[in-house]
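Below you'll find the structure, written out as structure tokens, and then a few comments.
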Amino acid sequence: MPSPSSTPGVVLTRSDFSTRGVNASPEPASLEGRDLTQAETPLVDALRSYIEREPVRFHTPGHKGSPSGTGPLVETLGPRALRMDVPLLTVGMDAGPHPSPLRRAEALAARAWGARRTWFLANGASEGNHVACLALAQRGLEVVVQRNVHASTISGLVLAGLVPTFVAPEVDPGLGIAHCLLPEALDKALEQRPHASAAMVVSPTYYGAAADVRGLVEVAHSHGAALVVDEAWGAHFAFHEALPDTALEAGADLVVSSTHKMVGSLTQSAMLHLGHGAEGRIEEADVATALSLVATTSPSSLLLGSLDAVRRLAAVEGRKILDAVLQKVEATRAAVDALPGVEPLGESFLGLRSVHDYDPLRLAIDIRGLGISGYRLAAELQRTADINLELAEEGVVVLLFGMEEVPIEGCDRIILGLAETLARLGVRRGRRFLRSVPPPPWGEPVMTPREAFLSRHETVSAAEAVGRIVAESIAVYPPGIANVLPGERLEKGMLAYLRKARAQGAQLRGAADPMLHTVQVLAEDGRPHAFCRSSAAASPPMPRR
């Protein structure tokens, strides 16, 4: 767990837990001469103060805090939530004397997570990935990108016009799932692209595998490149020593954190953290201007206020909460391990070269021994026991725990539900072993994602699209990793894989036709539009993987 320092460039180690951890003794965060402690909630307090005054509202939103106390909106959300739905530019929240309550709340978050600067986001970690790409474009267009990044990073490449060199992660030979990026793979890619301004990587993955971020930082910095880490699933790492190191602790320059996923702020809220040593590789002003380009001018006070609230919870009580959650997870893991045909994953990941650590709060389960797919198992659990899993794939399902955890009854219920489902399906030890088929290789990159997205394109049947250059991003969701990128040729095997995943119940995100009857491809005479060609002409050719 990092113990944030106000000294730029300082990266603290696990030895700081006992004496300097934010849970043990919250230290003040100084902002414009005002000391703040982690027990405070500046933005939440400002919202409370506003509604307690019962002001007359001649401003947005149109529901006016639902003063009548009737109607479906107030019946759904409750009167207090509507009263707190206030524009953040209201005086006393993010307008008026500096530093505003929002700025003070962000300063406390920066200290809690060990960042030089933190920004609250109202459009999820996706917004953070867009901002990261736009900020990098101000330093240069060439970047190295881990191929199994989230689809929002691909969208960011399109928005920013970056020229990516994609690097393949290590693929689990048995389960067929993509894990982390090896430092030596990153080193080789940066040697081939000496002008790359940054590398963009993912840690932890959707399955909880954590990369050797410290090694990736050393490699990137040795080439003069920044390291941007999509740590969407690791916002809780900072608050317990039993969890993997944080990317900021490892020296990353910019970190995307989906706070709602594991720490428990409201869905769609997230944070973007700038590392202490980032100066010279990523500038604070570049991030701020990039954020102003894509951020809404009407951010939700409820979303951003929830970030302030859970930051206090994590910083002050996080270690105690995680102690209890880790005990529940371990008990659940042991009970799952006793069931026939299933095997909890996590420690087994550590045998892979790219996996440096794993997150115990993501209980990934190998279900190939059941002889049925994860899609079917998840559907049976939902239909018969109303148990909803985070992820189901052919050979794996994932249970997600968090910092505001389900009661022990919920843990008992998943074990009982699994046992009953396996008994109903006739699963016994020694049942047929299901072979997990990995996704086919990614298609040939022909042009940059932006060039393809902004080129003239047409709609054709999926069968006709085989061999053509795709103009859209298509990702099996979850986990949301783009299987097909704008600018890649669509391979026959990939189309078959996408159709099979769709038939088994997966969603296809990014596709204009989510049923995949049709695909957007470049027109036969497809060329980048004039405003895109000028930048494309100055860009290096797309590298082969």
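The table for this structure:
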{"quantity": "Average silhouette area of segment 449-537, convex hull of alpha-carbon atoms, in square nanometres", "calculated": "5.5 nm²"}
{"quantity": "Cα gyration tensor category, rounded, prolate or oblate, for segment 320-424 with a/c compared to 1.5", "calculated": "oblate"}
{"quantity": "Amide H contacts under 5 Å for Gly346, placed H, 5+ residues apart", "calculated": "none"}
{"quantity": "Val91, Val255, Val470 arranged by Cβ crowding within 10 Å, fewest neighbours leading", "calculated": "Val91, Val470, Val255"}
{"quantity": "Gyration tensor (Cα) of segment 241-339, equivalent ellipsoid semi-axes in angstrom", "calculated": "31, 19, 12"}
{"quantity": "Taking Glu106, Glu524, Glu420, Glu488 and counting other C-beta atoms within 10 Å, the order from fewest to most", "calculated": "Glu524, Glu420, Glu488, Glu106"}
{"quantity": "Straight-distance crosslink candidates among aspartates and glutamates, where the alpha carbon sits under 18 Å from Lys188 and sequence neighbours closer than 8 are dropped", "calculated": "Glu142, Glu170, Asp212, Glu218"}
{"quantity": "Overall form of segment 101-221 per C-alpha gyration tensor (a/c, 1.5; a/b vs b/c)", "calculated": "prolate"}
{"quantity": "Value at 222 nm in deg cm²/dmol, rounded to 500, when DSSP H runs of n ≥ 4 in the chain each add -39,500 (n - 2.57)", "calculated": "-10500 deg cm²/dmol"}
{"quantity": "Residues with amide H under 5 Å from that of Gly371, placed H, sequence gap 5 or more", "calculated": "Leu434"}
{"quantity": "Relative contact order of segment 320-424, pairs being alpha-carbon contacts under 8 Å that are 6 or more residues apart, as %", "calculated": "28 percent"}
{"quantity": "Matching label, semi-axes √(5λ) of the Cα gyration tensor in Å computed from the structure shown, candidates (1) 45, 26, 18; (2) 53, 29, 19; (3) 35, 31, 25", "calculated": "(3)"}
{"quantity": "Of the DSSP H helices in the chain, those whose Cα atoms cover at least 20 Å axially and whose Kyte score averages 0.0 or more", "calculated": "124-137, 301-337, 408-424"}
{"quantity": "Order of Arg104, Arg468 under a 10 Å beta carbon neighbour criterion, fewest first", "calculated": "Arg468, Arg104"}
{"quantity": "Antiparallel bridge percentage (DSSP; both residues within the chain; nearest 5)", "calculated": "70 percent"}
{"quantity": "5 angstrom amide H check on Gly277, placed H, neighbours 5+ away", "calculated": "Gly9"}
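Bear in mind these aren't lab numbers, they're just calculated from the coordinates by the rules spelled out. These figures come from a predicted structure and were not determined experimentally. Because the Cβ atoms are built from the backbone with ideal geometry, glycine has one as well, and the counts that use them run over all protein chains shown.
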